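The values are calculated or read from the model by the stated rules, or taken from the named source; none is laboratory data. All values derive from a computational prediction rather than experimental measurement. Here the Cβ is made from the backbone with ideal geometry for all residues, glycine too, and neighbour counts use every protein chain on show.
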């Protein structure tokens, strides 16, 4: 009898092959105390190991260059940047010197501290940066321990990779020729492992609970990377059905690749701006500017989180200018400092709170610490002289908060003008709609703003009183809830009446099944993790606006999440069948 396990769909496609368990090979880490005279030599040992690991990453990236897109090969550039990150290296060296421990222990301790910070973050894309740290740490440990990473050769047999997680360095140790699918017990669709799976065209399902315990190595499985399902020991009828589905999906993926550089217009000519969410300037090196209309969400908190003290105004100006120069005239939306709650700063102690997600965070901190806010706004205004920048205020809960921020921006603009300091006097100020209360006073907020951006991750969580990271109730967290759909419709209508733009920058912006629904509700600007841009663009180019509006009208009349979700998915599948048959794009 077949066994069906549910996980998170990370890379689309269907795979049918025997499952093979992979296990880490760094279980034993030696521990020893250092004498004072040994510290300098141990530091040099670690420096040499870091350089050797960097050389290995370069070799792997060159090996994969022919198989990956230009954008995705830069995942390894991000790993190199982590290895050479001065803050990370200094913390490793400090641990060796102060704690008098060997390099292997220092790596374990420092990586664990960083992991704790990342994994407490609410934003999924930021949380999954922890996997990159683990991978980089694992590679340096392999060098220190003088262990060659074990390679797997499938001996001519197709297989499905199964492990705790799939990390970028794993691509260099497995038989990619016969790899048909990837299934892991942890991870997410924003991880670099998942991005590599998509780039390699390998179906992947992650976060499958009890995967390694419930499906034995060698068992034939079906991996459905579209629905996030893994079927152990399927019968012949199930296998045949999934193989037919695999053929259809492979053709759809070809169409996704074809539209990457085409305009994001609906068949009836409506322009939809598709923008990217980024965490730092490092992300820009792996983002192809031609596939996006700009940066819809630049998370400035990373500039603060990666340092040992608050960045100076000059440091911030330099950082923001890099992003604006990269955009080359396209929009860059900078979200002001959004720390606190699940995003702590190591050098800034916030009070312990019973419920930090509802506590002192985001704009609340900025308004309570005016010097901090003033410095960031001044830096953003100075940087804005070089292009099209926008300022986005996070965690807005009241109209007077926006009014206070508007007054600060206007005051700094006057000061800069008097000093003859270049800046954009017409820089746009926007409010992030992620607290349900602010959505109901938008008619009073919009006169103070130039645009609005909907942060659906928090908005859904707050609306449904549901912690999506709590496994007992995570199934209750769904943006397809009728109340969420009706609130989104309200937001689009109110902001639309003001004549100002409104964007979606939460996870649903990158959910291609949600695209037509958002267009039908009235949204014309979507900002998402870059990996989802081509698929969403294909959806935009598939459905005319009147068809999207009919979908939205029907969804607004529904009573439960399941029906809304099924409606959106059925439309997507129907539309894709149409363009697959007629070759429309």
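Any idea which residue in the stretch 507-528 is modelled with the lowest pLDDT, counting only those that are out of contact with any helix residue (DSSP H, G or I) (no Cβ under 7 Å at 6 or more places or on another chain) and in a loop (DSSP other than H, G, I, E, B)?
511
Please return the ranges of helices (runs of 4 or more DSSP H) entirely within the stretch 94-188 where 1 or more residues are at pLDDT 85 or above.
103-119, 129-144
Every residue, every condition in (1) crowded, with 23+ Cβ neighbours inside 10 Å; (2) in contact with a strand residue (DSSP E or B) (Cβ under 7 Å, 6 or more places away or on another chain), yes or no:
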residue	(1), (2)
521	yes, no
524	no, yes
532	no, no
550	no, no
553	no, no
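With the condition being within 21 Å of residue 495 (Cα to Cα) and not assigned by TED's automatic domain parsing to the domain that holds residue 509, I'd like the helices (runs of 4 or more DSSP H) fully within the stretch 401-484 carrying at least 1 qualifying residues.
Because the criterion is at least 1 residues that are within 21 Å of residue 495 (Cα to Cα) and not assigned by TED's automatic domain parsing to the domain that holds residue 509, no helices (runs of 4 or more DSSP H) in the stretch 401-484 meet it.
I'd like the full set of residues that are in a helix (DSSP H, G or I) and touching a strand residue (DSSP E or B) at 6+ places or on another chain (Cβ under 8 Å), limited to the stretch 495-506.
495, 496
What strands (runs of 3 or more DSSP E) lie completely within the stretch 202-298 and have 3 or more residues being surrounded by 15 or more Cβ atoms within 10 Å (Cβ to Cβ) and free of Cβ contacts under 8 Å to residues at least 12 places away in the same chain?
none
Before we move on, is residue 87 surrounded by fewer than 19 Cβ atoms within 10 Å (Cβ to Cβ), within 23 Å of the chain's Cα centre (by Cα) and either under 26 Å from residue 307 (Cβ atoms) or not assigned by TED's automatic domain parsing to the domain that holds residue 155 (or both)?
Considered against the rule, which asks whether it is surrounded by fewer than 19 Cβ atoms within 10 Å (Cβ to Cβ), within 23 Å of the chain's Cα centre (by Cα) and either under 26 Å from residue 307 (Cβ atoms) or not assigned by TED's automatic domain parsing to the domain that holds residue 155 (or both), residue 87 comes out as yes.
Looking at the stretch 301-313, is at least one residue assigned to a helix (DSSP H, G or I) and modelled with pLDDT of 90 or more?
yes
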